[in-house]
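Only one structure is covered here, and it is reproduced in the block below.
The values are calculated or read from the model by the stated rules, or taken from the named source; none is laboratory data. Computed from a predicted model, the values in this text were never measured in an experiment. Cβ sites come from the backbone with ideal geometry, for glycine too, and all protein chains shown count toward neighbours.
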Amino acid sequence: MANDQNPKSEPFSNAEKDPDDWTTGDEPMTGAQASYLKTLSEEAGEEFDQGLSKAEASKRIDALQEKTGRGAN
């Protein structure tokens, strides 16, 4: 039998993949990312950049969450 692992048996093995490694990271950010990023940008008093890729938006969201205290555990 092949040694293929079922990703569902290890649900957290791929939970925090680096945005730079995303295969779709160069695509335009999603609507959900844009909406949340706009909210975070307003709260942080920073300009919203609507031209970000999915990966760039993810990194920006992380940075703005840290700045605003949103998403903190």
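Contact map, segment 14-40: residues that are of a type in the set (Lys, Arg) paired with residues that are in a loop (DSSP other than H, G, I, E, B), Cβ distance under 6 Å, separation 6+ or inter-chain. Pairs shown: Lys38/Phe48. Restricting attention to segment 41-66, the residues that are in a helix (DSSP H, G or I) and either under 19 Å from Pro19 (Cα atoms) or touching a residue at least 24 places away in the same chain (Cβ under 8 Å) (or both) add up to 15. Consider Ala72 carefully, then state whether it is modelled with pLDDT of 80 or more and touching an Asp or Glu at 6+ places or on another chain (Cβ under 9 Å). When the stated conditions are applied, Ala72 does not pass them. Of everything listed in (1) touching a strand residue (DSSP E or B) at 6+ places or on another chain (Cβ under 7 Å); (2) surrounded by 14 or more Cβ atoms within 10 Å (Cβ to Cβ); (3) modelled with pLDDT under 95, the single unmet condition for Trp22 is (1). Going by the conditions given, is Leu37 of a type in the set (A, V, I, L, M) and more than 11 Å from the chain's Cα centre (by Cα)? Spelling it out, it is not the case that Leu37 is of a type in the set (A, V, I, L, M) and more than 11 Å from the chain's Cα centre (by Cα). Looking at this structure, is Ala34 modelled with pLDDT under 95 and outside any loop (DSSP other than H, G, I, E, B)? Considered against the rule, which asks whether it is modelled with pLDDT under 95 and outside any loop (DSSP other than H, G, I, E, B), Ala34 comes out as no.
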